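One structure below.
The values are calculated or read from the model by the stated rules, or taken from the named source; none is laboratory data. Everything quoted here is computed from the prediction, not taken from an experiment. Note: ideal-geometry Cβ built from the backbone for every residue, glycine included; neighbour counts use all protein chains shown. These area figures cover heavy atoms from the full protein model, side chains too; ligands, DNA and RNA do not enter into them. Shrake-Rupley method; radii C 1.70, N 1.55, O 1.52, S 1.80 Å.
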Amino acid sequence: MRLSMDELQITTLGIGHGDAILLRWTNQNKQWTCLIDGGPSLERLIACLDEEQVDEIDLVVLSHLDSDHACGLIGLAKKKSVKEFWGPALPAFQRHLWLFGEKGVQAIERGEELEDSLKSKNVDICYPLEGYTMLPFPSVGNLTVISPPSKLFRKLLTGDSDDVIELFSQQPMPLGWLQEPISEESEEQSAFFVNLDAALSRNFLTPDDLQSLPESREGIRSDIMRLSEEWARNTKTEPEFFGDSVLNNTSLVLYLEVNTNGRIHKGLFPGDQENWTYLLARNSRGLHADIFKASHHGGQIYIESNQSSHEELFSSIQPKVVLISANGQHNLPRNSVRNSAIRWGSTIVCTCYRNIEFIESINNNAESCHALHNCTEARNVTIILNKEGIKSETPACFSGFGRHFGPIIQIRQHVVDPSPIVTHLYEHELRRHIKWVKNKLKEIHESRLEKALFLTEGSQPITDDHIVTLARQENRAILVPHLSQILNEGMRRNEFWAKNKCSEWQSYQYPTKKDIGEYLSLLEQKAMILFPQSIGNVVRDTNSLILNLDITGLASYADATLRFPSNMFQDSFWPEVAKSFKNKEWHCFIHKLDMVAFSRYSIESLLEKILSGSLIEGYNGAYINIRREHFPFCHPVLVSGKNNKDKKMGDYEQKNCVEQCITINQKNYSQEEWEQFIQREGSSYDSKTLYINNLWEYSGKNIIKCIEILKKNFEQLW
Ligand SMILES: [Zn+2]
Ligand SMILES: [Zn+2]
Ligand SMILES: [Zn+2]
């Protein structure tokens, strides 16, 4: 035995289809031995262990209850010395026994048999959960459980069959809900739950913790039969395997870190984990491992969807060595998994060796590489990791070039950008958070609408601090670190308005179609909408003209009437308004090259209405204004621009002015009365008086003539 140098030996035992992985870690001439799973038969396992001269095992781990992992362990403690046992929390499955298909029921019964045989040899049974760590040699490494999360087991241990049935019936088994916070109502305060939560919080359970679980009521047998048949059709298996994905996806996933005289090696042993969504989300910077025991014997794995996603998984793990334990049964290992590993430059070490070497093959449709390569029976294969590197004692199925040495272009071709959703939140989570934010924004907008309509200051969008406060109030603290991602995605999907300004987010509810329709009809009721322009700056091309308009006043008007903050106007109302301005129902005028105006009236009918005084409407909102120098008789006109407080109006309150004009017009003043009014107001109008007087002259005598004069000041563009 090599005991001089610190090293880790990983032996994939040749037990056929199944897993039995032997870890032998030597540190300063002491050895720690761990067996992960026992394959399908004790006899075969003992033969393999004898071949490796192993008689004492410090830790036996059962990743999950399936027979290809568990059967070999039943009775092992009677043949070899076993100090400690880790396994899946059996009672969690026992209480849902009636949901499982025949294979699952057998697996659970075997689990009971295994625990009995361990208890008879006084081996401690532990059910570790995510976060549980063991230090075989303190300060030079550790063995950590990175899945299953305690929340998943809490559900299995306490939920009714109604609560857990979706774990059975969906493919892949859903794991997205694991990052949602536990809602307050569901927090039971009974002694049982207090004790269970205390036990879960230390990241492991023991059989003693799970003595008196609440009963899970049995439902209708035929419903389960129907679900299991549907599931079997979807997964192309048999109903007897119903529940198997629950066993696989509650696998103990182990992460081993070993320091051999300064060189650190990392190994990932995931049992038959199929759905990697939770693991990748929890380890968003990557799962990086030198040694990766291929999940589920080189079978399908899933991330987010039911699409096979090996490339993403390999991009997260970047393994130097992929260990495969399979012998062709169930079409495993998949050729596609082997190909992904090769593309990632990993060395593949398989318990079966190839008999055929393909130089070039055209009709290469075999699902399993075992069939394709006419591989041998399984046998023990060992790799050794120490300060000098990693070596295999037997030929590898494929000798990878390693990601550090491969031609860069070849590696880059297969670099998979981790999707931003996987790295932080996955789709299901994200959608829920976006929906929550959307509802909050809607509530805020509705409550603002209920309050008084008139605003002295414009309304403001919602800050991210505000949302954080709301989230904490509702126990949604989980949303807080992801808020900018949620707002960004929500905006991208048009669920609400959001904008990032100086790294702070503002958000608000989008106006509905109805809001926009209402706003457009308010604009249509205006005689005119005026956009002051600096002289000579009017662009005549339709699109540029519209896009260059100063929309400040329009935005304030949307705030004043419908309570949408003016800084979101450009992204919400404006595209619709601009579109509407272009169509034939609106006319566009330029006045003396210093103003662009939009009106539903043609210039003739507009002037006619103005001069005949029929365009009077009530005062309507904070930014309605009149331009008396253009129109002697008042009418509501919306002025949009930064200087919408018309300087030429002097200090008059716009409101008063409008009212006065309305009064004048309604009284149908005589020329004398009008002149008196002008004289009274004269100081404010100075040079305009003459113009207005002239206009009055004409309007009194000949409206047609008056229109002609006024028309000279206007050019109708459309
Ligand atoms: Zn398996
Ligand atoms: Zn399995
Ligand atoms: Zn192979």
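Remarks
- Within the stretch 226-248, being polar (S, T, N, Q), at pLDDT below 90 and away from ligand 2 (no atom under 16 Å from the Cβ) holds for one residue alone: ASN234.
- Here ILE74, ILE46, ILE36 are screened, and the one residue that is modelled with pLDDT of 95 or more, within 14 Å of ligand 1 (Cβ to nearest atom) and farther than 26 Å from GLY159 by Cα is ILE36.
- Among (1) surrounded by fewer than 18 Cβ atoms within 10 Å (Cβ to Cβ); (2) out of contact with any Pro (no Cβ under 9 Å at 6 or more places or on another chain); (3) touching a residue at least 40 places away in the same chain (Cβ under 8 Å) - the single one ALA77 does not satisfy: (1)
- Filtering the stretch 298-336 to residues that are away from ligand 1 (no atom under 16 Å from the Cβ), open to solvent by less than 10 Å² (accessible area, probe 1.4 Å) and in a helix (DSSP H, G or I) leaves LEU313, PHE314, ILE317.
- Meets criteria (within 16 Å of ligand 1 (Cβ to nearest atom), closer than 18 Å to ASP124 by Cα and not in a strand (DSSP E or B)) for PRO88: yes
- Some residue of the stretch 49-66 being within 16 Å of ligand 3 (Cβ to nearest atom), open to solvent by less than 10 Å² (accessible area, probe 1.4 Å), in contact (Cβ under 8 Å) with a residue 12 or more places away in the chain and in contact with a Ser or Thr (Cβ under 7 Å, 6 or more places away or on another chain): no
- Number of positions in the stretch 439-497 that are at pLDDT below 85, touching a helix residue (DSSP H, G or I) at 6+ places or on another chain (Cβ under 6 Å) and over 25 Å from ALA281 (Cβ atoms): 2
- Pair list, Cβ < 6 Å and 6+ apart or interchain, from the stretch 291-310 residues that are not assigned by TED's automatic domain parsing to the domain that holds ILE264 to residues that are small (Gly, Ala, Ser) and modelled with pLDDT under 80: none
- Selection of the stretch 63-78 for residues being part of a helix (DSSP H, G or I) and among the hydrophobic types (A, V, I, L, M, F, W, C) yields ALA70, CYS71, LEU73, LEU76, ALA77.
- Any hit, the stretch 288-308, residues being among the acidic types (Asp, Glu) and modelled with pLDDT under 90: yes
- Looking across the stretch 26-40, the residues that are within 43 Å of the chain's Cα centre (by Cα) and not β-branched (Val, Ile, Thr) come down to TRP32, CYS34, LEU35, ASP37, GLY38, GLY39, PRO40.
- Residues within the stretch 561-586 that are among the hydroxyl-bearing types (Ser, Thr, Tyr), open to solvent by less than 20 Å² (accessible area, probe 1.4 Å) and either in a helix (DSSP H, G or I) or free of Cβ contacts under 8 Å to residues at least 24 places away in the same chain (or both), tallied: 1
- The set of residues in the stretch 241-255 being more than 18 Å from PHE93 (Cβ to Cβ) and surrounded by fewer than 24 Cβ atoms within 10 Å (Cβ to Cβ) consists of TYR255 alone.
- Looking only at the stretch 498-526, residues that are touching a strand residue (DSSP E or B) at 6+ places or on another chain (Cβ under 7 Å), part of a helix (DSSP H, G or I) and at pLDDT 90 or above come to 0 in all.
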